[in-house]
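In what follows, a structure is listed as structure tokens, so that the remarks can point back to it.
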Amino acid sequence: MHDVDDAMVRPELIALDWTARERVREQIAAKGGYCECCGAREFDGGAALYLGFLFLDEDHDAYMVALTCRNRECAKPRTGIVLSEKDFLDGERLSRGENASPAPASPR
Ligand SMILES: [Zn+2]
């Protein structure tokens with residue numbers, strides 16, 4: 001098991017499971033993302049914060065995913081990336097949280 005590591009965990013954050021973390025890493029690789037501080041390309045994905053209803057200029061399914069640079073020497077290891085829900089989450093997973101985000105009604 002992977003313990004959530006510190007006190008930065010807040011109820012509005014969505015913890016990412018292993019699959020979601022892998023998908024975040026794939027997205028970073030696909031976008032050619034790298035650490036602005038040290039240039040490393042390896043990140044640990046942490047938690048996601050739903051942005052869609054907070055910022056009108058974001059897509060309604062946008063999330064900010066917290067990332068930690070894997071370079072132990074990095075001076076500013078904490079960063080984040082904005083991803084769409086479909087880029088890293090399965091829709092089913094969202095509804096498991098106690099405070100599920102208000103999702104737009106979509107017919108199945
Ligand atoms: Zn770095």
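Just so you know, all these numbers are worked out from the coordinates, no wet-lab data involved. Keep in mind that what you see is a predicted model, and the values were worked out from it rather than measured. Positions of Cβ are backbone-derived with ideal geometry, glycine not excepted, and every protein chain shown enters the neighbour counts.
Are there GluC sites (Glu not before Pro) in the range 33-82 that DSSP marks as loop and that have at most 15 other Cβ atoms within 10 Å, and which are they?
On the way: sites: Glu36, Glu42, Glu58, Glu73; in loops: Glu36, Glu42, Glu58, Glu73.
Those satisfying the criteria are Glu36, Glu42, Glu73.
Among Tyr34, Tyr63, Tyr50, what is the fewest-to-most ranking by other Cβ atoms within 10 Å?
Working: Tyr34 15, Tyr63 27, Tyr50 23.
The most exposed by this proxy come first: Tyr34, Tyr50, Tyr63.
Taking the Cβ of Val24 as the centre, find all other residues whose Cβ is under 10 Å away and add up their charges (Lys, Arg: +1; Asp, Glu: -1). Intermediate results must be reported in sequence, preceding the final value.
Numbers: positive: Arg21, Arg23, Arg25; negative: Glu22, Glu26, Asp44, Asp87.
It works out to a net charge of -1.
For the range 73-87, list residues with backbone N below 18 Å from a point placed 7 Å from the Cα of Glu22 toward its Cβ?
86-87
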